[in-house]
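Worksheet for the structure shown next.
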Amino acid sequence: MRKIVVVILLTCIGWCQAQQNIKVIEQKLNELAKEQPGLDENIISEVTGLNLYSLLTSIAIEHKLNVDADPKLTELVESNYYNVPVKDAFSFLIQKHNLDVEFINKFIVFKKKAAVVVVPKRKTPKVIDVSYRAENEFLSVNLKNDSLPQVAEAITKKTGKNIIVSPKLKDAKVTGYFQNRPFEDILNMIGQSNGLRVTKNENGSYFIEKNETPKKGKTAVNNGRGNRKKPKGKLGEKGFYDVAISDQGFLNIKAFDATVSDVLMEAAEKLKLNYYLYSIPSDITTTLVANQITFDDLLSTVFRGKDYTYAKDDKGFYFIGKRNEEGLRATELIQLENRTIETVLSSIPSELKKGLDVKEFPELNGLVVSGSKPQIEELRNYIYQIDKVVPMVQLEVIIVQYNKSHDVQTGMKAGLDSKARTTSGLLFPTGDVNLNAQSVNGLIDMFNGLVGGFNLGKVTEQFYINLKYLENNSIVKIESRPKIATLSGHDATLTIGEQSYYFQQTTNIVPFGNSNQTTQSGTWTATNADLSVNIKPFVSKDEQITLKLTVTKNSFLGSAGENAPPGIATQSFDSTIRVKNNEMVLLGGLDELNRENSGTGVPLLSRIPVLKWFFSGRSKKKSKSQLHIFIKPTVTY
């Protein structure tokens, strides 16, 4: 079949190349026709029984062309040419007779094309999977429809023990997987599973032949319902089944609503297998058509989803019965390699745990499972699928807090105070000056007489003046770069903040005799104002990262009283975003802008320009805060 495919491919390739070559040849003939007009002349000829060499030569002589034809072109030509240009006739002959053409200066050379030789590709022999331990003479084989003579040769080379194959089995194929068993046990198991018989002669050599033990008739087996007899009929009739053994020792089975126990016993007898029934599966039926299957495949198929199972010992002895019966139960430790056991048990579907006793074993990072082997194997396959490396996400968080404030306070106060005041305060860089009566009278003395001899009076000793002018600008930028890491699907939390305390007083009234006694107690209670960031990453297969973010910012406000708890302003947002690995994302929007413009003063006078600065006190405040959060996730395994 492969040779045919190769020939077809080569034919197709050759045809495509021929199409390309003929176009090149036609182009060169057209170019040469400019120098040799004879190529454009028409030809009228009827040819019968003339070989190709003679035809090309005669056309060249008649039309005065430089042509060199190979004498080996002996194919006979039969065709008619009527008013056809010579170059078209040449093109037709080249394609029809598959000729090679060369253009050497002004010469046209016609040659016979060399035949293409297809060299078949040598098939690489399959390597037989055989291993042998000489210290204990244990043999292991993994055979998949391999040639029996080649298997015997490979085992002989590995073990040094002679194995002779019957000439009748030179084309036989064998299949089987057997691990770490004594040499003779492995040969016998290969023979049993493939319908062969192995015997050992007095020289220590082993002879393999086909198992042709004559059948002595069917032995009735009592299964609690009388003698088992194979129902007659055909496929489609209830209770019908037919069991046959192929030449390779596999089962070919047809059954329609047949009792499973009958089918199994028939198959075991024909394969000459040893089995023991703990309980007879006579209450279940099966319908199937299966070819080239093993006895293990048959058992797994008919017992799937049923309350029956099987086990096999090292000698190939089968034990069949219900799952909960002694000898069919198994207890195994299923260990995980890539993830922790803490969340695995809760993620197992309830259907997989049905009929199994599953317990966590944290010390060995595994599950101890007790139950039937097929169910344990199904659970093992599931755990193997979820036992993958959980990616770890390293989160680089950059938190930038920007605070800017501007505060202006101006005004003058004047009044009377019973207590004597002294002149004090600051002039630069801020102004907050107190002037007593003596200082004010000194200023009055300086102004008296300066304006037209006008004199101001003196103030009393209780008089004072307070002059204030203050401007405060503040810019604060706080930046922190913490790094946290968590597993995919788990929370990572970052908290930065401050803590404040307030006094919480409690009053208790305790009866004491005929009166009540009042007691007071109190405790200092803490309250927090934090900036907290909670991130929960989910890593997809293409390393796209989905981040569930929660950002909360709390800040203290003023207290309502001396021992009252401080007020707290809260800003928060939740978001779900998707970023690439090592890609940075900016989160913002937690901005605050406060403006305050207040003042006190003398009615009317505090509104007059210029004078208002002497008869009022004013305060202007403006503050702005911004919070920006940069997050850069990095996936590691």
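Per residue, what volume in Å³ does the Cα convex hull of region 76-202 take up?
Working: hull volume 32.0 nm³, N = 127.
Expressed per residue, the convex hull around the Cα atoms of region 76-202 is 252 Å³.
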(message) Using the Cα atoms of region 40-107, I'd like the radius of gyration and the largest Cα-Cα distance, Dmax, both in angstrom.
(response) 11.4, 32
(request) Report P(r) for region 289-413: all Cα-Cα distances, bin width 5 Å, range 0 to the bin holding the largest distance, values in whole percent. (result) 2, 8, 15, 15, 12, 10, 8, 5, 3, 2, 2, 2, 2, 2, 2, 2, 2, 2, 1, 1, 1, 1, 0
(request) Write down the radius of gyration of region 271-320 and its Dmax, each obtained from C-alpha positions, in Å. (result) 11.3, 31
(message) Test of understanding: express the Cα radius of gyration of region 238-284 as a ratio to 2.2 N^0.38 Å, with N the residue count.
(response) 1.18
(request) Run down the aspartates and glutamates and flag those whose C-alpha is under 15 Å from the C-alpha of Lys632, throwing out any fewer than 8 positions away in its chain. (result) Glu396, Glu543, Glu583
(request) Given the peptides 179-185, 625-631, arrange them by the average over their residues of other C-beta atoms within 10 Å, most packed first. (result) 625-631, 179-185
(message) Give me the one-decimal nm value for the distance between modelled label points at Lys272 and Glu498, 7 Å along each residue's Cα-to-Cβ direction.
(response) 9.4 nm
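Pairs to check: Lys306/Lys388; Lys168/Lys200; Lys173/Lys272; Lys322/Lys373; Lys126/Lys157; Lys238/Lys354. Give those whose C-alpha atoms are more than 23 Å from each other in this structure.
Lys306/Lys388; Lys238/Lys354
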(request) Leaving ligands, DNA and RNA out of it, work out the accessible area of Ile496 with a 1.4 Å probe and give it in Å² to the nearest 10. (result) 70 Å²
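What number comes out for the charge environment of Asn597, summing +1 per Lys or Arg and -1 per Asp or Glu over other residues with Cβ under 12 Å away?
+3
The values are calculated or read from the model by the stated rules, or taken from the named source; none is laboratory data. Note that the coordinates shown come from a computational prediction; the quantities given were computed from them, not determined experimentally. Don't worry about glycine lacking a Cβ; one is built from the backbone with ideal geometry, like all the others, and counts go over all protein chains shown. To get the accessible areas, we keep the full protein, side chains included, count just its heavy atoms, and leave off ligands, DNA and RNA. Shrake-Rupley method; radii C 1.70, N 1.55, O 1.52, S 1.80 Å.
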